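Here is the structure we will look at, set down as structure tokens.
The values are calculated or read from the model by the stated rules, or taken from the named source; none is laboratory data. These numbers were taken from a predicted model, which means no experiment stands behind them. As a convention, Cβ positions derive from the backbone with ideal geometry for all residues, glycine included, and neighbour counts pool all protein chains shown. Areas reflect the complete protein model, heavy atoms only, side chains present, ligands, DNA and RNA absent. Shrake-Rupley method; radii C 1.70, N 1.55, O 1.52, S 1.80 Å.
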Amino acid sequence: GVSITITSNAFYQTTVEDVAFRKPHFQVWAMSFAMTFCLFFDVKAARMMLTGSWKRLQPLCLAALCDLFGQLFQRIGLLYVDMIVYQVLRGGMLLFTAGFRRTMLGHRTTPTENVGIAVIMAGLALTGMVACYGKQREDREDLGVWWRFFGTVMMLFGNAIISFQTVLEEKLMKTDETPVSPLVLVGMEGLVGVLWTSMFCLPVAQMLPGDEGHGGHEDTVSTVRMLISSSVLQAVTVAYFIAIFAWNIAGMEICRMSSATTRHVLSQVRTAATWLAALVLYYSGLLPQYGEPWQGIESWGKLFGFAILVLG
């Protein structure tokens, strides 16, 4: 999980001929492509699923589209907020997951859990304020409060969609009459994601007006050229593939053995580990462009917001 956040941010901080690789649509396509390989680890079950009824495939396609658009919104949000805010805001998925588990699985929250939800909302509000009004790193472009607010909103939208997806996955793996194996579920989501991004998202992004780097227009031809000409981007892409593959399998197993809520609770450990890794990358001098510095009161605000989320 830490590797996914670090490599997602590394894409945006890597430049080729002074042009930053700010391409969220490519990241979502690469994520889906990596997930597709899970099908090869359970070929028999995958073949049965692909040749089964459309009614059986419908919820898998819905989960895949939720994954695709949720991840896209999150990657667009990462264009405008720093890596630590991005990771802390992901903790808000606990809030959305609790709501979806109640409506989809009939899981009622206890009074204590309701208090926890209120605390999480307070933590999200504080982190959102820090994201919007905190100062940016001196070596990065400051796009202004409104763009950072837009990035925060995109993150929250993405969190809500992915929370719905994880509860749907829990239902498919645990409560249906014929449960879906985690490998097939991840692989099918990846296959649908590759087809959808290749045939729809990337062509539409190619035709959209505007400049690159804002989450709208994205030139696939320049993406390929930059990947071919940069060994750094190639290394980041391979690391991203491996991290996505491993994380999705582990996350599905946790969801199958426990619940979607447990999966998001464990993500709080990912936030702490990501922050530590970002500080090490910056202050060690090895890859400072991929890390994050300690920024005084802004970082204390993020830490306080994270602590409130964990408390909730």
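Criterion first (modelled with pLDDT of 80 or more and crowded, with 22+ Cβ neighbours inside 10 Å) does R75 satisfy it? Answer is yes for this residue.
All conditions in (1) modelled with pLDDT under 80; (2) open to solvent by 30 Å² or more (accessible area, probe 1.4 Å); (3) hydrophobic (A, V, I, L, M, F, W, C) hold for M173, with the sole exception of (2).
Among residues of the stretch 141-159 being open to solvent by less than 50 Å² (accessible area, probe 1.4 Å) and out of contact with any Leu (no Cβ under 9 Å at 6 or more places or on another chain), the one that is modelled with the lowest pLDDT is G144.
Screening L95 with (1) in contact with a helix residue (DSSP H, G or I) (Cβ under 6 Å, 6 or more places away or on another chain); (2) assigned to a helix (DSSP H, G or I); (3) modelled with pLDDT of 75 or more; (4) over 21 Å from F241 (Cβ atoms) gives one miss only, at (3). Which condition does L279 not pass, out of (1) open to solvent by less than 70 Å² (accessible area, probe 1.4 Å); (2) farther than 16 Å from D82 by Cβ; (3) modelled with pLDDT under 80, if it passes all the others? Here L279 clears every test but (2). Does the stretch 214-231 include one or more residues that are in a helix (DSSP H, G or I), more than 18 Å from I6 (Cα to Cα) and modelled with pLDDT under 80? No, every residue in the stretch 214-231 fails to be in a helix (DSSP H, G or I), more than 18 Å from I6 (Cα to Cα) and modelled with pLDDT under 80. Taken together, F26, F37, F21 contain a single residue that is modelled with pLDDT of 80 or more and open to solvent by 60 Å² or more (accessible area, probe 1.4 Å), which is F37.
Only one of the numbered conditions (1) modelled with pLDDT under 75; (2) farther than 18 Å from N9 by Cβ is not met by T271, and that is (2).
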